[in-house]
Amino acid sequence: MMSVRSANREDGPVKVSGAAAYAADHHPDGLAYGYLLTSTVARGTLLAMDTAAAERAPGVIAVYTPFNPLDVRPFLKEGGAELAAPLQDTRIRYHGQAVGLVVAETFEQARDAAALVTARYDADRPRASFADGLAGAEPPATGAPAQEVLADGVASIDEALAASDVTITATYTTPAETHVAMEPHATVASWTGGRLTIHTATQGVRLAVERLSEALAMDPADIRVINPYVGGGFGNKWATWAHTPLTAAAARVLGRPVKTVLTREQVFTVVGHRPLTSQTVSLGASADGTLVAVRNDGVSSRSASNSFYEAVADLSLSMYDAPNLHASRKVVTLDVPVTTIMRAPSESNGSFALESAMDELADALGMDPLDLRRKNDSSRHPVSGLPWSSKHLDECYTLGAERFGWSRRGRVPGAVADGDWLVGMGMGTATFGAFRSEASINVRLRDDGRVVVSGTAADLGTGQSTVFAILAADVLGIPVERVIPDLGDSATPPAVSAGGSGSTSGNGPAVRLAAQAARDALVKLAAEHEKSPFHGQEVTYAGGEVGDGGRAMPFGELLALLGLPDLDATATSPRNASQSHAFRSFGAHFCEVRVNRWTGEPRVTRWLSVVDAGTIVNAKAARSQIVGGVVMGIGQALLEDLRIEPGTGRFGNATMADYLVPVNADIPPIEVEFLNYPDTLLSDLGARGIGELSIVGAAGAVANAVHNATGRRVRDLPITLDKLL
Ligand code: MOS
């Protein structure tokens with residue numbers, strides 16, 4: 001293990017003091033305000049909309065509907081996004097769909113006018129029940145319907161299961177969830193001539209440029225998206241949602257800037273949610289606990305308005321060693337808002353089922369569940385057979401068990417009590433894919449001695465901007481405080497957007513390359529510039545200074561002396577093209593849960609996560625990432641449940657008062673340990689991802705602890721007290 005730097009977030013002070021300007025905080029001159037109109041039925045056709053009263057209302061500038069549309073082309077080609085362009089047809093695909101935009105002089109005028117618009121629908125009964133749809137689940141339109149690996153001589157996965165000494169089969173279900181990022185979605189659009197400038201809440205300014213160029217039929221070079229601060233994303237700011245192109249199109253037609261901020265309730269429907277899932281898992285093992293067969297048949301809900309679903313069974317193919325593996329995918333189509341990515345899409349729900357099933361198998365074998373996992377730890381990817389680039393999961397297990405006191409776990413469920421509380425321990429394995437995407441970064445040395453590091457990355461609150469500062473400061477040998485991270489501007493070099501836990505692993509190597517290139521350019525300048533005091537000398541660089549062995553001069557002074565305001569270099573780090581190894585992050589969660597004997601109330605009371613995610617660049621922010629994911633995992637386990645009303649297809653709890661997420665009182669002290677082994681096969685930096693890894697295995701750990709405390713195996717999330725009575 002190497003020592004790890006622990007730095008405060010460079011953006012912390014501006015964020016907590018309110019000085020950080022989020023998308024909605026921009027007020028260009030002449031600003032008008034947009035307010036979305038949304039459908040009040042879930043499926044059918046809009047027959048007519050009466051906008052006359054709204055158009056006469058004070059301050060109203062325009063009312064756009066499918067009967068008076070803005071020009072927006074289809075722009076979202078990928079899964080996780082809505083396929084139809086807003087206002088371009090009269091079909092209603094879900095309750096809360098954008099069906100209009102009112103633009104007025106103030107937000108309140110736009111909102112009040114929106115309340116005056118009436119709509120007539122030809123409404124059908126929506127498909128709103130996932131449970132009812134399960135029997136008719138179909139293979140997905142995209143992606144393989146199933147993947148299977150069988151040992152030589154084995155004819156089918158069922159044959160392998162039948163030949164196992166011990167088997168368990170169980171079905172696990174998870175509800176819809178929504179991201180509830182603190183910052184609601186907002187877009188401010190301004191036009192100057194034919195050029196568009198947009199401030200919009202997004203996980204990637206490059207992504208927004210691409211989609212807006214399609215939506216508005218524009219050259220991407222004429223669009224600039226600026227969004228340095230993001231108040232959380234978790235996947236819901238990856239896609240570009242209806243309000244963004246509508247706001248830009250309205251600003252174009254009206255010839256003045258327009259801002260649209262979604263209300264909290266609109267965020268629930270205009271923006272996508274995590275699908276519901278069901279997994280039927282069968283595990284077969286020999287009597288000593290060696291896995292023989294793993295089968296997971298996964299079903300995900302999918303919105304009628306897009307193609308995204310969770311390939312929820314797939315995690316079962318990359319976790320434990322077994323000679324026979326089978327994972328399938330099916331979807332149930334519902335007339336609900338868009339299904340999209342949310343923190344560890346597929347893996348998070350997948351791990352709840354697999355980690356619960358592993359404990360059920362351990363019970364059937366009479367084995368300690370940690371021993372079962374250890375016995376079936378994989379040294380190679382179970383499907384591809386490629387060796388892992390760097391895997392220290394066993395150390396996570398060992399260190400975690402020792403630190404958490406796993407040996408004190410009751411062997412028999414319900415055996416440990418503390419007054420009115422039944423006490424249990426559980427654990428779950430975490431894993432998530434590791435990536436290194438192509439990234440370009442610019443590093444600019446300035447004559448004031450400061451350094452600007454630029455690229456189109458996003459900091460959703462993760463600490464990415466501080467990672468930029470730390471890595472550049474290390475290469476340049478200067479204090480972190482002298483580095484100014486410049487993220488979230490599409491005019492800067494194309495870096496990795498914030499998704500798939502790939503920011504630090506992709507952008508980090510590029511920051512280091514660019515800092516090195518800037519340093520090289522400085523040395524060259526010092527030796528070659530005629531006015532340089534080091535002209536013609538052998539120049540070296542150390543600690544922010546150039547020198548020739550005798551004299552040394554800070555780079556800022558040299559630039560000032562030469563009359564140069566700055567000197568910069570851009571470098572590109574390529575994507576990982578390794579065919580020889582498989583790359584994933586790993587970890588182990590350990591938790592203690594107390595369940596009230598009389599009320600069934602479950603409380604998580606202790607937590608430890610041990611994380612094997614390669615090099616940790618900033619221990620403090622990395623810890624926060626893990627803690628955040630664990631908190632979200634506890635929410636997934638005990639609270640989160642986005643309810644779809646069966647008759648109406650409406651989300652019944654689309655407010656932050658009704659959609660429950662953990663508050664401080666629900667969360668125990670969370671301990672995090674990083675192993676910090678650099679993954680040098682992934683990059684010279686050796687950093688893998690941590691943002692999504694943190695939630696994988698967390699809900700399973702809670703479910704397992706609940707079982708250990710009570711003997712109750714709850715297989716449908718969330719684990720609410722009524723299920724424990
Ligand atoms: Mo994340 S679900 O990769 O935005």
| request: Could you check M358 against (1) away from the ligand (no atom under 16 Å from the Cβ); (2) surrounded by fewer than 24 Cβ atoms within 10 Å (Cβ to Cβ) and say which number it fails? | output: (2)
| Under 9 Å by Cβ, and 6 or more places apart or on different chains, what pairs join a residue from segment 659-679 that is without any contact (Cβ under 8 Å) to a residue 60 or more places away in the chain with one that is surrounded by fewer than 20 Cβ atoms within 10 Å (Cβ to Cβ) and among the hydrophobic types (A, V, I, L, M, F, W, C)? | L660/L639; P662/L639
| said: I'd like the full set of residues that are within 24 Å of A542 (Cα to Cα) and buried (at least 24 other Cβ atoms within 10 Å of the Cβ), limited to segment 477-498. | reply: V483, P485
| task | Can you run down the residue pairs with Cβ atoms below 9 Å, 6 or more apart or on separate chains, where the first is in segment 476-502 and closer than 29 Å to I695 by Cβ and in contact (Cβ under 8 Å) with a residue 12 or more places away in the chain and the partner is among the basic types (K, R) and within 16 Å of the ligand (Cβ to nearest atom)? | result | P494/R206; A495/R206; V496/R436; S497/R206; A498/K237; S501/R688; G502/R436
| field | Pair list, Cβ under 7 Å, 6 or more apart: segment 341-352 residue touching a residue at least 12 places away in the same chain (Cβ under 8 Å), other residue part of a helix (DSSP H, G or I) and within 12 Å of the ligand (Cβ to nearest atom) | value | R343/G629; R343/M632; R343/I695; A344/I695; S348/I695
| field | Unmet requirement for H179, which otherwise passes all of (1) away from the ligand (no atom under 16 Å from the Cβ); (2) under 18 Å from the mean Cα position of the chain (by Cα); (3) of a type outside the set (D, E) | value | (1)
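Given the criterion more than 16 Å from the ligand (Cβ to nearest atom) and at pLDDT 95 or above, identify the matching residue among G563, G499, G506, G488. Before you say what the answer is, go through the steps one by one.
Values: G499 fails: more than 16 Å from the ligand (Cβ to nearest atom); G506 fails: more than 16 Å from the ligand (Cβ to nearest atom); G488 fails: more than 16 Å from the ligand (Cβ to nearest atom).
Of G563, G499, G506, G488, the one residue that is more than 16 Å from the ligand (Cβ to nearest atom) and at pLDDT 95 or above is G563.
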| query | In segment 1-16, which residue that is under 26 Å from the mean Cα position of the chain (by Cα), in a loop (DSSP other than H, G, I, E, B) and aliphatic (A, V, I, L, M) is surrounded by the most Cβ atoms within 10 Å (Cβ to Cβ)? | reply | A7
| message | With the requirement that a residue be of a type in the set (V, I, T) and either crowded, with 21+ Cβ neighbours inside 10 Å or in a strand (DSSP E or B) (or both), what does segment 392-446 give you? | response | V423, T429, T431, I441, V443
| query | Give me the pairs: first residue in segment 108-125 and of a type in the set (V, I, T), second residue assigned to a helix (DSSP H, G or I), beta-carbon distance under 7 Å, and six or more apart or on different chains, which are they? | reply | V117/A54
| said: Given the criteria aliphatic (A, V, I, L, M) and either within 16 Å of the ligand (Cβ to nearest atom) or within 20 Å of L87 (Cβ to Cβ) (or both), does A208 qualify? | reply: yes
| task | Answer yes or no: is there a residue in segment 217-240 that is away from the ligand (no atom under 16 Å from the Cβ), in contact (Cβ under 8 Å) with a residue 24 or more places away in the chain, of a type in the set (S, T, N, Q) and crowded, with 22+ Cβ neighbours inside 10 Å. | result | no
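Determine which member of the set E692, E671 is within 16 Å of the ligand (Cβ to nearest atom), at pLDDT 95 or above and under 21 Å from R373 (Cβ atoms). Reasoning before the result, please.
Numbers: E671 fails: within 16 Å of the ligand (Cβ to nearest atom).
So the residue among E692, E671 that is within 16 Å of the ligand (Cβ to nearest atom), at pLDDT 95 or above and under 21 Å from R373 (Cβ atoms) is E692.
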| note | The residue that is nearest to E640 (Cα to Cα), considering only those in segment 309-337 that are among the charged types (D, E, K, R) and within 16 Å of the ligand (Cβ to nearest atom), is E310
| Restricting segment 378-391 to residues that are closer than 24 Å to A293 by Cα and among the small types (G, A, S), which is surrounded by the most Cβ atoms within 10 Å (Cβ to Cβ)? | S378
| Out of (1) small (G, A, S); (2) in contact (Cβ under 8 Å) with a residue 40 or more places away in the chain; (3) touching a strand residue (DSSP E or B) at 6+ places or on another chain (Cβ under 7 Å); (4) within 16 Å of R9 (Cβ to Cβ), the odd one out for A473 is which? | (2)
| note | Subset of segment 252-274, residues within 30 Å of S346 (Cβ to Cβ) and of a type in the set (D, E, K, R), comes to R264, E265, R274
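Would you confirm, using the coordinates I've provided, whether L725 is surrounded by fewer than 16 Cβ atoms within 10 Å (Cβ to Cβ), at pLDDT below 95 and on the phi < 0 side of the Ramachandran plot?
Values: surrounded by fewer than 16 Cβ atoms within 10 Å (Cβ to Cβ): yes; at pLDDT below 95: yes; on the phi < 0 side of the Ramachandran plot: yes.
Here the answer is yes, as L725 does meet what is asked.
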| Subset of segment 26-50 (residues that are buried (at least 18 other Cβ atoms within 10 Å of the Cβ) and of a type in the set (S, T, Y)) | Y33, Y35, T38, S39
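So is T340 closer than 25 Å to G628 by Cα, away from the ligand (no atom under 16 Å from the Cβ) and among the β-branched types (V, I, T) or not?
No; evaluated as a whole, the condition is false for this residue.
Could we say that A439 is closer than 23 Å to I616 by Cα, in contact with a Ser or Thr (Cβ under 7 Å, 6 or more places away or on another chain) and aliphatic (A, V, I, L, M) here?
Details: closer than 23 Å to I616 by Cα: yes; in contact with a Ser or Thr (Cβ under 7 Å, 6 or more places away or on another chain): yes; aliphatic (A, V, I, L, M): yes.
The answer is yes for A439.
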| said: I need a count of the residues in segment 55-105 that are surrounded by fewer than 18 Cβ atoms within 10 Å (Cβ to Cβ), farther than 20 Å from A42 by Cβ and under 30 Å from the mean Cα position of the chain (by Cα). | reply: 4
| request: Please verify whether segment 132-154 includes one or more residues that are without any contact (Cβ under 8 Å) to a residue 12 or more places away in the chain and over 33 Å from the mean Cα position of the chain (by Cα). | output: yes
| query | Can you tell which of S190, S213 is at pLDDT 95 or above, away from the ligand (no atom under 16 Å from the Cβ) and assigned to a strand (DSSP E or B)? | reply | S190
| query | In segment 123-161, what count of residues is obtained for those that are part of a loop (DSSP other than H, G, I, E, B) and surrounded by fewer than 18 Cβ atoms within 10 Å (Cβ to Cβ)? | reply | 16
| request: Go through the residues of segment 534-551 one by one and say whether even a single one is in contact with a Leu (Cβ under 9 Å, 6 or more places away or on another chain) and farther than 16 Å from I478 by Cβ. | output: yes
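The values are calculated or read from the model by the stated rules, or taken from the named source; none is laboratory data. Just so it is clear, the structure is predicted and the values come from calculations on it, not from any experiment. Reconstructed Cβ throughout: ideal geometry from the backbone, glycine too, with neighbour counts over all protein chains shown.
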